[in-house]
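Please treat every number below as a calculation from the coordinates, not as lab data. All figures in this text were calculated on a predicted structure; none of them were measured in a lab. For neighbour counting, all protein chains shown are included, and Cβ atoms are generated from backbone atoms with ideal geometry for every residue, glycine included.
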Amino acid sequence: MDHFELRSGVLHAEDVPLTAIADAVGTPVYVYSRATFTRHVRVFKEALSALPKVHIAFAVKSNPNLAVLRLMQREGLGADVVSGGEMARALAVGMPAKDIVFSGVGKQAREMIAGLEAGVGQFNIESEEEGIELSELAAERGLRAACALRVNPDVDARTHAKISTGKAENKFGVPIDRAAGIYARLAELPGLDMRGVAVHIGSQLAELEPLETAFTKLGELIAEIRASGCTVTHADLGGGLGVPYKAGEVFPSPAEYGAMVARVTKDWDVTLMFEPGRVISGNAGVLLTRVIRVKRSSNRAPFVIVDAAMNDLARPAMYGAWHDFDAVCPTGERMTAHIVGPICETGDTFAMDRDMDALGAGDLAVFRTAGAYGATMASSYNSRGFIAEVMVDGDKFAVVADRILPETITSAERVPDWLE
Ligand code: LLP
């Protein structure tokens, strides 16, 4: 459920008509609803309320805007970060370092040092090599890094191949059949405090069954590690819960997910950790765009050319992802059209032959479910700059990220003397 609804024929974000945001800030612009974020956090927490010990770390990569992170911090969530940049954002909004989980398959020494110096709560180690390096960096500083070992359970998450992470051929984690041995060796190192295991098999999961299979394997691994004499006090179950991108689609609910987790983990005796991203942020944002013009073609559907493009919202071009597209002021009339951006490649297509609200030049529309992996994946391709982000709260709104103009980007570039 979200708070983007038609009121008196105009699409609103909470109590604010999107026309007002377009007038004040221009388009394209990402618009987030605070109430939707808050609702999603609460629903997720409620779904896990039967579990004894829980730590929820919001996946910063899904929406790293500082206002969003601040909201998460106020809701009591920690952060799952995958780079020094994401960690700095979480710290900048006042998230306690102990609530931060540092994930990522390619942590660099300087990022591990920054994490150690900040005192992050847990490093999720993705290889034995990384663990050895982290131990050295920690020991040199007289520290011990609390760590979980990320395992690759070789489970097919049945999602898009580019966002599947738990198959043996994916780069993530250590093979589950070698994990107990690696864990035991890492537990001997002076700079590590091996306290747990972690798994994340992919994103936008439409079924609970692959998660259940992965968690069951993780439970067996915990028993094996304990049998070898090591300690396991934490298990990080990652993120991955999918959300509907098409009106009417039904996905497993957080409550069903929570019930499954409770059943599978009932004898684990650990603190369970979660890294939800999309389930919190996905439906909390839309991309507001204006139609530049409608280009008729002789015997095919017309092209609705909007001012947003693949550089602003990469998901359709990158994963063939569907985003519902709705007029801000629908007339009730419909059309079939291709929805495209202004960028000079055919990949800059949001939808082909889409049955949609009838739109003409100058009309406003939204791509829905753009709160996760939207602004955060933007680029400046075609020298288009980065678009603004707005957060709505009831009847007020604020610009939470300024539009970054192409000239600002150009100002960081130099022509060397020898080309003058
Ligand atoms: N934890 C780890 C270790 C992850 O790699 C991810 C996402 C998450 C948590 C959060 O997953 P979520 O709950 O959001 O599914 N750009 C893609 C999604 C990439 C997800 C990468 N990892 C997209 O637009 O669909």
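Each of GLU136, GLU129 was scored by other Cβ atoms within 10 Å of its Cβ. Arranged with the fewest first, they read GLU129, GLU136.
Using θ = phi - 60° in the Karplus curve 6.51 cos²θ - 1.76 cosθ + 1.60, the 3J(HN,Hα) couplings for segment 26-31 round to x, 10, x, 8, 7, 10 Hz; x is entered for Gly and Pro. With Cα atoms as the point set, the radius of gyration and Dmax of segment 34-279 evaluate to 16.9, 55 Å. Converting phi to 3J(HN,Hα) with the Karplus coefficients 6.51, -1.76 and 1.60 and the offset θ = phi - 60°, segment 353-360 yields 6, 8, 7, 8, 4, 5, 9, x Hz in sequence order, with x at every glycine or proline. Equivalent ellipsoid of the chain: semi-axes from √(5λ) of the C-alpha gyration tensor, largest first, are 40, 24, 20 Å. Comparing segment 1-156 with the 2.2 N^0.38 Å rule of thumb, its C-alpha radius of gyration ratio is 1.28 (two decimals). Annotation: the antiparallel percentage among DSSP beta bridges lying fully within the chain is about 50. Treating the angle as unsigned and between 0 and 90°, give the value, to the nearest 10°, between the Cα long axis of helix 254-264 and the longest Cα principal axis of the chain. Here the helix axis deviates by roughly 20 degrees. Around the Cα centre of the chain, unit charges on the Cβ atoms of Lys, Arg, Asp and Glu (plus for the first two, minus for the last two) sum to a dipole of about 420 debye. Residues of segment 294-330 with backbone nitrogen within less than 16 Å of a virtual label 7 Å along the Cα-to-Cβ line of TYR381, please, listed as ranges. Those under the cut-off are 306-322. Once backbone amide H atoms are built at 1.01 Å from N, ASP193 has ALA145, ALA146, CYS147 as its partners under 5 Å, excluding neighbours fewer than 5 places away on the same chain. Sorting MET95, MET194 by the number of Cβ atoms found within 10 Å of their own Cβ, with the fewest placed first, yields MET95, MET194.
Each residue of segment 77-83 is assigned a 3J(HN,Hα), and the resulting list reads 8, x, 9, 9, 10, 10, 7 Hz, derived from the Karplus form 6.51 cos²θ - 1.76 cosθ + 1.60 (θ = phi - 60°), x at Gly and Pro. Taken over the chain, lysine pairs spaced eight or more positions apart, or on distinct chains, with alpha carbons under 25 Å apart number 26. Between the residues CYS230, GLY202, GLY191, the greatest Cα displacement towards the positive end of the dipole of segment 180-260, with unit charges on the Cβ of Lys, Arg, Asp and Glu, is found for GLY191.
Working from the alpha-carbon coordinates of segment 264-419, get Rg over Rh, Rh being the Kirkwood radius. Could the numbers behind the result be given before it?
Values: Rg = 19.3 Å, Rh = 17.8 Å.
Reported Rg/Rh, Kirkwood definition of Rh: 1.09.
Here's how it looks for ARG354: its modeled amide H is under 5 Å from those of ALA337, HIS338, ILE339, which are all 5 or more places away or on a different chain.
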